[in-house]
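The values are calculated or read from the model by the stated rules, or taken from the named source; none is laboratory data. The structure presented is a predicted model; accordingly, all values stated were derived computationally and were not measured. For neighbour counting, all protein chains shown are included, and Cβ atoms are generated from backbone atoms with ideal geometry for every residue, glycine included.
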Amino acid sequence: MATIEAYTTRAGEKRYRVRYRTPDRSQTDKRGFRTKRDAEAFAATVEVSKLRGEYVAPGLARVTVGEWCETWYAGKTRLKATTRERYRGLLDLHVLPTWRTVPIGDVTHADVVAWVAKVAAARTRDDGTAMVSQAGKALRVLSQALKLAVRDGRLSRNPCEGVEAPRTAGKPRRYLNAGQVEKLAQAAHDAGETPDPAARLTRRACALFLAYCGPRWGEMAALRVCDVDFLRRRVSIDRNVVEVDGGRLEWTTPKTHERRTVPIPRFLVDELAGVVEGRAPDDLLFPTPRGAVMRNRGARVRWFDRAVVAAGLPAGLTPHELRHTSASLAVSAGANVKSVQRMLGHKSAAMTLDVYADLFDDDLEAVADRLDEIAAKARTVTLDAGQSRQSVGKMWARRGSGESENRPQLAPVQVKGGSE
């Protein structure tokens, strides 16, 4: 059991010290309590935490949030470079400015709630909108770091647990129809800075490929000629290229680490055949006019944004939105959710439904129509069977009552022979 004793500081003030034993039976103490009641409350907390197996030595929780976040971040070696950059930005912009010098043992649930609300209410420099989505992302980063502290025995519980991230008003998705995609592709053909015919064909095929096959930009930019199977009309997506550290290219696997094969419409196979004519198998499928990797930012400046304007499409349309268009066109062509998941490279069909649930609304109407057909057929069969049973019943009822209606009439039989 813990013991409580009073002592006097050098300044002559009365304080209380709690002496207690840790689970390993070593003795320690905590001093500085202003009232005996505070000391008793702490002692009770210690005893309860030992009984529950949740005791944490005070020294382990003295590491600051800043120090611990760096430890956590250093261990994230398996993350893709873009994800690590995103985490680094969240730490530097939102987490560390508030929590850098705070010991992890002093972080409370209420403090985290207040911090999330403060980040969500902050305004961006560009358009003055609230950083609601940033607040949720920063909360997840801090929660992951403190979750590691719980696993390491430095905290008994994660103070971020139960903190609700603010809801964000998601942007409505924009889906292009086939006619708009064709306008965009033709505008891309005409919108580049170079009149080189090969570059024009590449830009046109690139726009069509993004809209009908649904790859991420990095997956498209990493494709090589040998990845296309023109006979089977398939393309193998097993690489991804992204810009990191201010422009350095990093070649990795696709986002979910899942390699996949995507079908190509027949008309697009013909377009790609014209693009790859004269190229070697290891050449990039969609290079810049100089043969380099087609980077997202550069492509938008040089031809994509111009093509969007020239085609009369919604302002601000991005290449990634063509991925949404791909899902829409696939669903309208009859693809089910599993097919769309495999085409887009989502981790699960549940994720596809979460993202594109609105595209499957028409399926509900089709289900209702089909149920109508099944029910109508069942009613018809039941009605016919009932009428048949009724007719048979009536027939047997007439026979039982001796009715002669509809029976054949037999002539009298005369027997010859014998005495008269």
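Is it the case, given these coordinates, that Gly218 is of a type outside the set (A, V, I, L, M, F, W, C), in the same structural domain as Met294 (by TED's automatic domain parsing) and either part of a strand (DSSP E or B) or surrounded by fewer than 22 Cβ atoms within 10 Å (Cβ to Cβ) (or both)? Full working, then the answer.
On the way: of a type outside the set (A, V, I, L, M, F, W, C): yes; in the same structural domain as Met294 (by TED's automatic domain parsing): yes; either part of a strand (DSSP E or B) or surrounded by fewer than 22 Cβ atoms within 10 Å (Cβ to Cβ) (or both): no.
No, not satisfied.
Can you tell me which residue among Ala145, Ala135, Ala117 is modelled with pLDDT of 95 or more and either of a type in the set (Lys, Arg) or not in a loop (DSSP other than H, G, I, E, B) (or both)?
On the way: Ala135 fails: modelled with pLDDT of 95 or more; Ala117 fails: modelled with pLDDT of 95 or more.
Going through Ala145, Ala135, Ala117 in turn, just one is modelled with pLDDT of 95 or more and either of a type in the set (Lys, Arg) or not in a loop (DSSP other than H, G, I, E, B) (or both): Ala145.
Sort out which residues of the range 148-195 are in a loop (DSSP other than H, G, I, E, B) and closer than 26 Å to Ala327 by Cα, and write them in order of number.
Keep residues of the range 148-195 that are in a loop (DSSP other than H, G, I, E, B), which gives 152-177, 192-195.
Passing the criteria: Arg167, Thr168, Ala169, Gly170, Lys171, Pro172, Arg173, Arg174, Tyr175, Leu176, Asn177.
Take the residues in the range 61-70 that are part of a helix (DSSP H, G or I) and touching a residue at least 40 places away in the same chain (Cβ under 8 Å); name whichever of them is nearest to Ala138 (Cα to Cα).
Checked the range 61-70; the qualifying residue nearest to Ala138 (Cα to Cα) is Cys69.
Among the candidates Arg140, Arg86, which residue alone is basic (Lys, Arg) and at pLDDT 95 or above?
Among Arg140, Arg86, only Arg140 is basic (Lys, Arg) and at pLDDT 95 or above.
Please work out which residue is farthest from Thr8 (Cα to Cα), limiting yourself to the range 20-40 and to residues that are of a type in the set (Gly, Ala, Ser) and in contact with a strand residue (DSSP E or B) (Cβ under 9 Å, 6 or more places away or on another chain). I'd like the intermediate steps shown before the answer.
First, the residues of the range 20-40 that are of a type in the set (Gly, Ala, Ser): 26, 32, 39.
With the extra rule that they be in contact with a strand residue (DSSP E or B) (Cβ under 9 Å, 6 or more places away or on another chain), the set shrinks to 32, 39.
Values: Gly32: 10, Ala39: 15 Å.
Once the filter is applied, the top-ranked residue is Ala39.
Looking for whichever is surrounded by fewer than 15 Cβ atoms within 10 Å (Cβ to Cβ) and closer than 30 Å to Leu96 by Cβ here; the options are Thr9, Thr28, Thr64, Thr83. Which one fits? Give the derivation first.
Working: Thr9 fails: closer than 30 Å to Leu96 by Cβ; Thr28 fails: closer than 30 Å to Leu96 by Cβ; Thr64 fails: surrounded by fewer than 15 Cβ atoms within 10 Å (Cβ to Cβ).
Criteria check complete, one pass: Thr83.
Is it true that some residue in the range 303-317 is free of Cβ contacts under 8 Å to residues at least 40 places away in the same chain and surrounded by 16 or more Cβ atoms within 10 Å (Cβ to Cβ)?
Yes; the residues of the range 303-317 include at least one that is free of Cβ contacts under 8 Å to residues at least 40 places away in the same chain and surrounded by 16 or more Cβ atoms within 10 Å (Cβ to Cβ).
Yes or no: the range 243-260 includes at least one residue that is at pLDDT below 95, touching a Gly at 6+ places or on another chain (Cβ under 7 Å), within 20 Å of Ser328 (Cβ to Cβ) and surrounded by 14 or more Cβ atoms within 10 Å (Cβ to Cβ).
Yes, the range 243-260 has at least one match.
Taking the criterion of being among the hydroxyl-bearing types (Ser, Thr, Tyr), within 17 Å of Cys160 (Cβ to Cβ) and modelled with pLDDT under 95, would at least one residue in the range 101-109 satisfy it? Full working, then the answer.
Our first condition is that a residue be among the hydroxyl-bearing types (Ser, Thr, Tyr); within the range 101-109, this holds for 101, 108.
If we keep only those that are within 17 Å of Cys160 (Cβ to Cβ) as well, we get 108.
Keeping just the survivors that are modelled with pLDDT under 95 gives 108.
Yes; the residues of the range 101-109 include at least one that is among the hydroxyl-bearing types (Ser, Thr, Tyr), within 17 Å of Cys160 (Cβ to Cβ) and modelled with pLDDT under 95.
For (1) hydroxyl-bearing (Ser, Thr, Tyr); (2) over 27 Å from the mean Cα position of the chain (by Cα), each residue gets a yes or a no:
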| site | (1), (2) |
| --- | --- |
| Arg62 | no, yes |
| Glu85 | no, no |
| Gly89 | no, no |
| Met131 | no, no |
| Ala138 | no, no |
| Ser143 | yes, no |
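Looking only at residues in the range 272-294 that are within 20 Å of Tyr212 (Cα to Cα) and touching a residue at least 60 places away in the same chain (Cβ under 8 Å), which one is surrounded by the fewest Cβ atoms within 10 Å (Cβ to Cβ)? Please lay out each step first, then the result.
Kept after step one, since they are within 20 Å of Tyr212 (Cα to Cα), are these residues of the range 272-294: 272-276, 284-287, 294.
Among the residues that remain, those that are also touching a residue at least 60 places away in the same chain (Cβ under 8 Å) are: 272, 274-275, 284-287, 294.
Numbers: Leu272: 22, Gly274: 13, Val275: 21, Leu284: 18, Leu285: 23, Phe286: 20, Pro287: 18, Met294: 22.
If we take residues in the range 272-294 being within 20 Å of Tyr212 (Cα to Cα) and touching a residue at least 60 places away in the same chain (Cβ under 8 Å), then Gly274 is surrounded by the fewest Cβ atoms within 10 Å (Cβ to Cβ).
Sort out which residues of the range 157-189 are buried (at least 16 other Cβ atoms within 10 Å of the Cβ), hydrophobic (A, V, I, L, M, F, W, C) and farther than 21 Å from Ala299 by Cα, and write them in order of number.
Listed by number, the residues that qualify are Cys160, Val163, Ala165.
What is the residue count in the range 258-305 for residues that are part of a loop (DSSP other than H, G, I, E, B) and within 24 Å of Thr318 (Cα to Cα)?
Within the range 258-305, the first condition is being part of a loop (DSSP other than H, G, I, E, B), and the residues that meet it are 258-259, 264-265, 277-283, 285-286, 288-292, 294-295.
Still in the list and also within 24 Å of Thr318 (Cα to Cα): 264-265, 285-286, 288-292, 294-295.
Count: 11.
Can you tell me how many residues within the range 211-259 are on the phi < 0 side of the Ramachandran plot and either without any contact (Cβ under 8 Å) to a residue 12 or more places away in the chain or among the aliphatic types (A, V, I, L, M) (or both)? Before the answer, list the steps.
Step one: filter the range 211-259 for residues on the phi < 0 side of the Ramachandran plot, giving 211-213, 215-232, 234-244, 248-256, 258-259.
If we keep only those that are either without any contact (Cβ under 8 Å) to a residue 12 or more places away in the chain or among the aliphatic types (A, V, I, L, M) (or both) as well, we get 211, 220-223, 225, 228-229, 231-232, 235, 237, 241-242, 244, 248-249.
Residues meeting the conditions: 17.
Given the options Ala187, Ala178, Ala198, name the one that is more than 29 Å from the chain's Cα centre (by Cα) and within 28 Å of Val355 (Cβ to Cβ).
Working: Ala178 fails: more than 29 Å from the chain's Cα centre (by Cα); Ala198 fails: within 28 Å of Val355 (Cβ to Cβ).
That would be Ala187, the only listed residue that is more than 29 Å from the chain's Cα centre (by Cα) and within 28 Å of Val355 (Cβ to Cβ).
If you take the residues in the range 338-353 that are more than 19 Å from Asp238 (Cβ to Cβ) and surrounded by fewer than 22 Cβ atoms within 10 Å (Cβ to Cβ), which one is modelled with the lowest pLDDT? Write out each step before concluding.
Pass one, the range 338-353, residues more than 19 Å from Asp238 (Cβ to Cβ): 338-340, 348-353.
Restricting the remaining residues to those that are surrounded by fewer than 22 Cβ atoms within 10 Å (Cβ to Cβ) gives 338-339, 348-351, 353.
Values: Lys338: 84, Ser339: 85, Ser348: 80, Ala349: 76, Ala350: 80, Met351: 79, Leu353: 73.
Step by step, filter the range 338-353, then rank; the result is Leu353.
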